[in-house]
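Accompanying notes for the structure given below.
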Amino acid sequence: MKNKKERLQLILSLVKKNSIGSQNELAQLLKENGCEVTQATLSRDLKSMKITKVATNDGGYMYIIPDNNKLQDSMLMSGRNSMTAHQQVGFISIKLSGNIAVIKTRNGYAAGLAYDIDMSHSEEVLGTIAGADTVFAIMNEEVSHEEALKFFARFIPIDKSHY
C-alpha cells in the first residue's frame with residue numbers, strides 16, 4: 001500500500017463488505033489485499049475514522065462505520081463516495097408505497113444507510129427516519145417509483161431489471 005489515504009480507503013471498503021469481529025481479522029484482510037500494518041497503526045486508523053464495534057445478533061461483534069464519520073461525510077458530500085451498492089451488505093429489502101420507501105436492513109445498519117441517503121442532498125428524497133433495522137425515506141411527490149429505485153441503487157443492491 002502506497003500511502004495512508006489508500007490504506008484508509010481499503011479499511012472503509014473492507015468494513016463495509018465484511019462482518020469483521022476483531023483487529024486481527026481486519027489485519028489479515030488488509031494483508032490479503034496487499035497492505036501489511038502493525039496492530040498499533042490499525043488501532044490508530046480505526047480510531048481516526050471513528051470505526052467502532054457493535055454487538056451482533058449471534059452474540060459476536062463487528063466493526064461498523066458510525067453516522068458521524070467525517071471521512072465518509074466529506075466523500076458523500078463531494079460526490080467522491082467509493083461505496084457501491086454491493087458494499088451495503090446489511091440490505092434486505094425495499095418496498096415503495098406512494099412517496100414512501102421502506103428499506104429493511106440487518107440490525108444496526110439502518111442508521112448508517114439513512115445517513116448516507118441524507119448526506120447525498122438529493123432532490124429525490126426529502127428526508128429519512130431510521131430505526132435499528134428499517135429506514136423510512138420520504139420521496140419528493142414528483143419522483144416515480146422507477147426514478148426512486150434508480151436513486152436508491154446508489155446505496156443498496158437493487159436489480160436493474162426492476163427499473
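The table that follows gives values for the structure above.
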read-out	value
Flag for A148 being small (G, A, S), modelled with pLDDT of 90 or more and farther than 16 Å from I65 by Cβ	yes
Subset of region 121-155 (residues that are among the aliphatic types (A, V, I, L, M) and more than 16 Å from I100 (Cβ to Cβ))	A132, A153
Any chance A148 is surrounded by 20 or more Cβ atoms within 10 Å (Cβ to Cβ) and either within 26 Å of T56 (Cα to Cα) or in contact (Cβ under 8 Å) with a residue 60 or more places away in the chain (or both)	no
Residues of region 134-145 that turn out to be in contact (Cβ under 8 Å) with a residue 40 or more places away in the chain and under 19 Å from A111 (Cα atoms), as a count	1
Selected residue (criterion: surrounded by the most Cβ atoms within 10 Å (Cβ to Cβ)) from residues of region 112-144 that are small (G, A, S) and in contact with a helix residue (DSSP H, G or I) (Cβ under 9 Å, 6 or more places away or on another chain)	A137
Identity of the residue in region 1-22, under 28 Å from G59 (Cβ atoms) and not in a helix (DSSP H, G or I), that ends up farthest from the chain's Cα centre (by Cα)	S22
Subset of region 23-59 [of a type in the set (S, T, Y), closer than 27 Å to A110 by Cβ and part of a helix (DSSP H, G or I)]	S48
Neighbours by Cβ (under 9 Å, 6+ apart or cross-chain): first from region 6-33, exposed (fewer than 15 other Cβ atoms within 10 Å of the Cβ); second among the polar types (S, T, N, Q) and part of a helix (DSSP H, G or I)	N24/Q39; N33/S13
Scan of region 49-59 for residues that are farther than 14 Å from N18 by Cα and touching a residue at least 40 places away in the same chain (Cβ under 8 Å), ordered by number	M49, N57
Members of region 103-147 found to be in a loop (DSSP other than H, G, I, E, B), farther than 20 Å from D159 by Cα and charged (D, E, K, R), listed by number	E123, D133, E141, E142
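The values are calculated or read from the model by the stated rules, or taken from the named source; none is laboratory data. If you're wondering where the values come from, they're calculated on a predicted model, not measured in any experiment. Here Cβ is always computed from backbone atoms with ideal geometry, including for glycine, and neighbour counts include all displayed protein chains.
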